[in-house]
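In what follows, a structure is listed as structure tokens, so that the remarks can point back to it.
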Amino acid sequence: MSILKKYFSYLNVIPERTYQSTYNGVLEINWLNGKKILDTKNTNYSYGNLGKVLQKGLKSVTTGFRNEETSILILGLGGGDVVKQLRSNFKSNASITAVEIDPVVIEIALNEFDIIPNSTLEIVNSDANVFLKYTKERYNLIIVDLFNDVTIPEFVFQTEFIKSVYNVLHFNGSIIFNTFILSDVHKVRNKKFVENLKRYFSVEEFPNLYGHNHLIITKKIK
């Protein structure tokens with residue numbers, strides 16, 4: 001990108017290119033405030049405010065996730081913002097497995113944001129629900145960041161999914177759930193979700209982050 005365009009991105013969003021996705025519709029590569037970001041038609045997907053939300057979650061987690069003996073599961077890769085944060089901002093040497101259902105999103109993470117699989121980063125093209133049912137691994141930290149544009153899959157809020165993430169989490173492990181509240185329906189949904197989570201975990205909530213995000217952090221203490 002030219003220096004001129006990068007400068008103007010501090011004034012307005014500068015479009016760069018688009019991708020067409022079966023799962024997410026049109027995915028946009030834009031520049032904003034001097035940074036390349038990934039957007040859908042209606043929201044930021046990676047490297048914008050979403051990154052700030054996840055950073056808040058990682059700062060609030062009490063489970064250790066930095067040393068090479070720990071393992072992290074990311075459900076919903078997006079552009080790989082959280083991977084970069086874990087490695088750069090939090091200096092984590094943990095083994096990371098990132099599960100992403102959308103092959104176009106994986107392509108974007110690789111080609112636009114240099115998220116390259118290696119010995120400590122595995123990218124799995126799979127449905128998160130299916131992955132949880134068959135994985136034999138256990139994780140110290142799980143990040144649930146599952147979105148299709150501005151929709152969170154309904155299964156995320158079901159007891160079966162809660163049990164699945166509970167079963168693959170080490171004792172004293174933590175889960176970061178990134179959700180949002182845009183309506184009274186969402187408010188009721190999240191209230192019931194938190195009540196259900198408390199049957200399995202200790203729970204901490206961070207509502208109204210950067211607008212409508214509702215961050216929920218749980219810890220497996222029983």
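Structure notes:
- Computed over the range 33-146: relative contact order in percent, which uses C-alpha pairs under 8 Å that are six or more apart: 29
- The phi-based Karplus calculation (6.51 cos²θ - 1.76 cosθ + 1.60; θ = phi - 60°) puts the 3J(HN,Hα) values of the range 90-99 at 10, 6, 7, 9, 5, 6, 10, 10, 10, 10 Hz, whole numbers, x for Gly and Pro.
- Evaluated with a Cβ-only charge set (Lys, Arg +1; Asp, Glu -1), the chain carries a dipole of roughly 760 debye about its Cα centre, given to the nearest 20.
- Computed label-point distance, nm, for sites residue 154 and residue 126 using a 7 Å Cα→Cβ extension: 2.5
- Only protein heavy atoms count here; on that basis, with a 1.4 Å probe, residue 87 has an accessible area of about 70 Å².
- Here the Karplus curve 6.51 cos²θ - 1.76 cosθ + 1.60, taken at θ = phi - 60°, turns the phi angles of the range 15-20 into couplings of x, 10, 7, 10, 10, 9 Hz, with x standing for Gly and Pro.
- Here the Karplus relation 6.51 cos²θ - 1.76 cosθ + 1.60, evaluated at θ = phi - 60°, turns the backbone of the range 114-128 into coupling constants of 6, 8, 10, x, 8, 5, 10, 9, 10, 10, 10, 8, 7, 6, 4 Hz, with x for every Gly and Pro.
- Paramagnetic reach from residue 59 (point 7 Å along Cα→Cβ, amide N under 19 Å) across the range 196-211: 204-211
- Of 36/192; 91/187; 136/222, those spanning more than 28 Å from alpha-carbon to alpha-carbon: 36/192; 91/187
- Scanning residues 5 or more positions from residue 139 or on other chains, those with amide H under 5 Å from its amide H are 169, 170, with H placed 1.01 Å from N in the peptide plane.
- The calculated FRET efficiency for the pair residue 52 and residue 136, based on their C-beta separation and a Förster distance of 45 Å, comes to about 0.85.
- Between the range 61-115 and the range 150-176, the C-alpha centres lie 17 angstrom from each other.
- Protein heavy-atom accessible surface, 1.4 Å probe, per residue over the range 1-113: 48 Å².
- Residues with amide H under 5 Å from that of residue 70, placed H, sequence gap 5 or more: 95
- Amide H contacts under 5 Å for residue 212, placed H, 5+ residues apart: none
- Taking a ≥ b ≥ c as the square roots of the eigenvalues of the alpha-carbon gyration tensor, the range 96-222 is classed oblate because a/c is 1.5 or more while a/b is no larger than b/c.
The values are calculated or read from the model by the stated rules, or taken from the named source; none is laboratory data. For clarity, every value in this text was computed on a predicted model and none was experimentally measured. Positions of Cβ are generated from backbone atoms using ideal geometry, with glycine treated the same way; all protein chains shown enter the neighbour counts. We work out accessible area using only protein heavy atoms, side chains counted, and drop any ligands, DNA or RNA first. Shrake-Rupley method; radii C 1.70, N 1.55, O 1.52, S 1.80 Å.
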